[in-house]
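Notes follow the structure.
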Amino acid sequence: MQGRPDDRRHDDPDLESAQRRFNALADIVPAGILRVNAEGTEIVEADERLRALYGLAPDAPVSSLDLGAVVHPDDQELVTQGWVDAVAAGRRYEQQYRIVMPDGQSRWIASMSVPERDANGTITGWVATLRDIDEARRALDALRESEERFRLLVENIRDYLIFMLDADGIVRTWNQGGEMVGRYGADDVIGQHVSSFYIEEARAEGQPEIGLKIAARDGRFEEERRTRRGDGSPAWAHISYAAIRDGKGVLRGYAGVVRDITERKEHEAELRRARQEAQEASAAKSEFLSRMSHELRTPLNAIIGFAQLLALDELTDEQRESIGHITAGGRRLLELIDEVLDISRIDSGGMPVACERVDAVEVAHESLNLVRPQARQRAIRLVADLDGETPLLVLADRRRLGQVLLNLLSNAVKYNVDGGSVTLGGARDADGHVALSVSDTGPGITPSDQERLFIPFERLGAEYTTVPGTGLGLPLSRRLVDAMGGQLTVRSTLGEGSTFTVRLPAAEPETRPHPRPGLSGPRGESGRAGATGTLLYVEDDAVNRMLVEAIVGRRPGVTLLAAMSGGEGLELARDRHPDLVLLDVQLPDLHGGEVLRRLRADPATADIPVVMASADAMPDQIETLLNAGADDYLTKPIEVAAFLALLDRMMSGDAA
């Protein structure tokens, strides 16, 4: 020990005994120890370990410490008053406070003092221990500060209900967000089982307990479910539980978080309703288009069909001209119907395009050939300015690309000047597209009118021209080009003409030779004549039956059987086993698809060829019925020549 006063007597037995006790205590206690007099004003003994605790200089005696002077100013009153009270009462004194080190830094220490008494109980001094608790105290303060920040954060989160449960599921804490989200106050819920806040159905099924068990097993559980708020209003909530365990793995409780998702659920329900309504509207539109196609084409079938039959007879020039007008008018009306239906299909997404590698040069020449007769009547020169060195391969639907080019070329001829010219150009752009342009030498179009070209039924200057048209060709063409991933634009100068340009993605050539696609004749076309056998025609429309009867009259070897309903047609097919069945789709008792299914399912009729005949030209229906087993599909109005060719082919054993 150091720091003993020099005037102490070393021959005093009591003092020697006290010194030994003090030394033994100083050696085993992990703290600095000192003894002060009975008044607490003077250090009697001091442990050398206090030097490091107080930051004393090496040459400064420990006994010279002024314990009161080194107390932090903010803690002076607390320490002084506590010590004065302890000395006056002669009782134990404990305190934690800060001291100021010689370098000005503060340090936390823990002080504990107890009185020493003689045989008479008189206080003769005080023994004190001083421990360095700076690191522990600062860690504790940091923890408390962190806990306080966390508590404030939790309490002020208004969008989430955050609570703690004990191991039995009893609510122990409840944040203020609970009043906003769950509309329960803390006084209403603390001490209640968490199941109290579930709806009756969930409680009856034991859902709260199941959730806690899963959380205890897996560490976490979450779900979305219907619940109720404190005011009784229904709600949707996202609920999650996390198990809390101590260091030994013993379950101590659960942390719960609830988020009100009622608004999101309502929005999702609105989206589902809107999607359902859109799907129903789309289905209704498709049904409407199918019905319109059927209802409009059915009378045209009779008009054009009988006109074609009359044209096959011996006629005067005047009669032949009249029939020509009937046929032309019927076909123009059919063209209008097709364009309206095509635009409606594209707008509703019901007209898919099948893009593939297409030779644009080949399609361009085919389109030019189709418009040559029209150009020849007005002495309009057709020019093909196509790059012949590099293949112009595009990604497009071949049939739809031909439809677009034919429409642009036809317009360029119709709205040109007599003796003018039309140029069809084509070249590959530097950005990986192929541009096909149709230029004319017509009067041109003003800038303000150019965008109006693509509005359905908008015919610019129609009141000043006798050129027939509907105003649907360009809108349909633009929609088709858009559907193929391209662009259709126009550039025009008054008095000089117009240029319409179709830009489509270019396709790379194949690495091995591949035959170019060519135009095949219409399905069923054949040079074979003189079909024989029995034809069963299932059709409820009397005019259509009369038309087919008149056409079949051109084949004396064919016997015609007629049925006005699907059920009657099935009976005749089983009884007479015809060589061919011509089956309408819209029948009064059964859909043509159902009649086809029954024909194919019955061993007695399964091998009879079946050709569907309908005014419904919707591609989806055609594909569906062909996939269901139909051998062919005729769209009304029936082309007489093609129908006769089909009879010759299919009733001669050459059905291919």
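The values are calculated or read from the model by the stated rules, or taken from the named source; none is laboratory data. Because the structure is predicted, anything quoted here is derived from the model rather than measured. Please note: Cβ atoms are built from the backbone with ideal geometry, for glycine as well, and neighbour counts cover all protein chains shown. Calculation scope for accessible area: heavy atoms of the full protein, side chains included, ligands and nucleic acids excluded. Shrake-Rupley method; radii C 1.70, N 1.55, O 1.52, S 1.80 Å.
What residues qualify as long-range amide H neighbours of Glu116, i.e. H under 5 Å apart, gap of 5 or more or another chain, H built at 1.01 Å from N?
Here the answer is Thr124, Gly125, Trp126, Val127, since their amide H atoms fall under 5 Å of that of Glu116.
Once phi is turned into ³J(HN,Hα) by the Karplus curve 6.51 cos²θ - 1.76 cosθ + 1.60 with θ = phi - 60°, what whole-Hz value does each residue of the stretch 412-420 show in order, with x for glycine and proline?
Here the 3J(HN,Hα) series is 4, 6, 4, 9, 9, 9, 4, x, x Hz.
What nm value, rounded to one decimal, do you get for the distance between Glu200 and Ala542 when each label is placed 7 Å out toward the C-beta?
Going by the 7 Å Cα→Cβ label model, 6.6 nm.
In the stretch 26-98, what percent of the accessible surface is made up of carbon and sulfur (1.4 Å probe, ligands and nucleic acids excluded)?
Carbon plus sulfur share of accessible area: 53 percent.
Apply the Karplus parameterisation 6.51 cos²θ - 1.76 cosθ + 1.60, with θ equal to phi minus 60°, to every residue of the stretch 578-588 and state each ³J(HN,Hα) to the nearest whole Hz, in sequence, with x for glycine and proline.
Those phi angles translate into x, 7, 7, 10, 9, 10, 6, 8, 8, 10, x Hz.
Which value, in Å², gives the accessible area per residue of the stretch 233-287 when a 1.4 Å probe is used on the protein heavy atoms? Don't jump to the answer; show the numbers that get you there.
Values: 3500 Å² over 55 residues.
Heavy-atom SASA per residue in the stretch 233-287 reads 64 Å².
In nanometres, what is the gap between the two model label sites at Asp317 and Val383, each 7 Å from Cα along Cα-to-Cβ?
3.8
What nm distance separates the two modelled labels at Arg491 and Ser240, each placed 7 Å from Cα along Cα→Cβ?
5.9
Heavy-atom accessible area per residue, the stretch 80-152, 1.4 Å probe: how many Å²?
Result: 63 Å² per residue.
How long is the gain from Glu356 to Ser64 if the chain were fully straight, where each residue apart is worth 0.36 nm and the alpha carbon distance is subtracted? Spell out each step's value before the answer.
Details: separation 292, 0.36 × 292 = 105.12 nm, distance 10.14 nm.
Taking 0.36 nm per residue and subtracting the Cα distance, the gain is 95.0 nm.
Can you tell me the length gained on complete extension of the stretch Glu451 to Glu77, counting 0.36 nm per residue apart and subtracting the Cα distance?
Numbers: separation 374, 0.36 × 374 = 134.64 nm, distance 8.98 nm.
Extending this stretch completely gives an extra 125.7 nm.
Applying 1/(1 + (r/R0)^6) with R0 = 35 Å to the Cβ-Cβ distance of Glu116 and Ala136, what FRET efficiency is obtained, to the nearest 0.05? Mind showing how you got there, number by number?
Values: r = 29 Å, r/R0 = 0.82.
Plugging the Cβ-Cβ distance into 1/(1 + (r/R0)^6) gives 0.75.
With a 1.4 Å probe and all protein chains left in place, how much accessible area per residue does the stretch 553-626 have, in Å²? It would help to have the intermediate numbers written out before the result.
On the way: 3190 Å² over 74 residues.
Value returned for the stretch 553-626: 43 Å² of accessible area per residue.
Show Leu647, Leu310 ordered by accessible area, largest first, where the area counts protein heavy atoms only and the probe is 1.4 Å.
On the way: Leu647 0, Leu310 85 Å².
Correct descending sequence by accessible area is Leu310, Leu647.
Which FRET efficiency value, to the nearest 0.05, is calculated for Gln276 and Arg144 with the Förster distance at 45 angstrom and r the Cβ-Cβ distance? Mind dumping the intermediate values first?
On the way: r = 56 Å, r/R0 = 1.25.
Plugging the Cβ-Cβ distance into 1/(1 + (r/R0)^6) gives 0.20.
Only sites in a loop by DSSP and with at most 11 other Cβ atoms within 10 Å count here; which trypsin sites (Lys or Arg not before Pro) in the stretch 198-268 make the cut? Walk me through the numbers on the way to the answer.
Numbers: sites: Arg203, Lys213, Arg217, Arg220, Arg225, Arg226, Arg228, Arg229, Arg245, Lys248, Arg252, Arg259, Arg264, Lys265; in loops: Arg229, Lys248.
Qualifying residues, ordered by number: Lys248.
With a cap of 15 neighbouring Cβ atoms within 10 Å, and only residues DSSP puts in a loop, list the GluC sites (Glu not before Pro) found in the stretch 202-241. List each step's numbers first, then the result.
Details: sites: Glu205, Glu209, Glu222, Glu223, Glu224; in loops: Glu205.
Listed in order of number, the matching sites are Glu205.
Just subtract the alpha-carbon distance of Glu568 and Lys265 from 0.36 nm times their residue separation and send over the number in nm, one decimal.
On the way: separation 303, 0.36 × 303 = 109.08 nm, distance 5.32 nm.
Net length gain for the segment: 103.8 nm.
Taking amide H positions as placed 1.01 Å from N in the peptide plane, with prolines and chain starts having none, which residues 5 or more places from Ser421, or on another chain, fall under 5 Å of its amide H?
The list, which skips near neighbours in sequence, is Arg381, Thr441.
Assuming R0 = 51 Å, can you tell me the calculated FRET efficiency for the pair Arg172 and Thr41, based on Cβ-Cβ distance, to the nearest 0.05?
Details: r = 51 Å, r/R0 = 0.99.
Working from the Cβ atoms, E equals 0.50.
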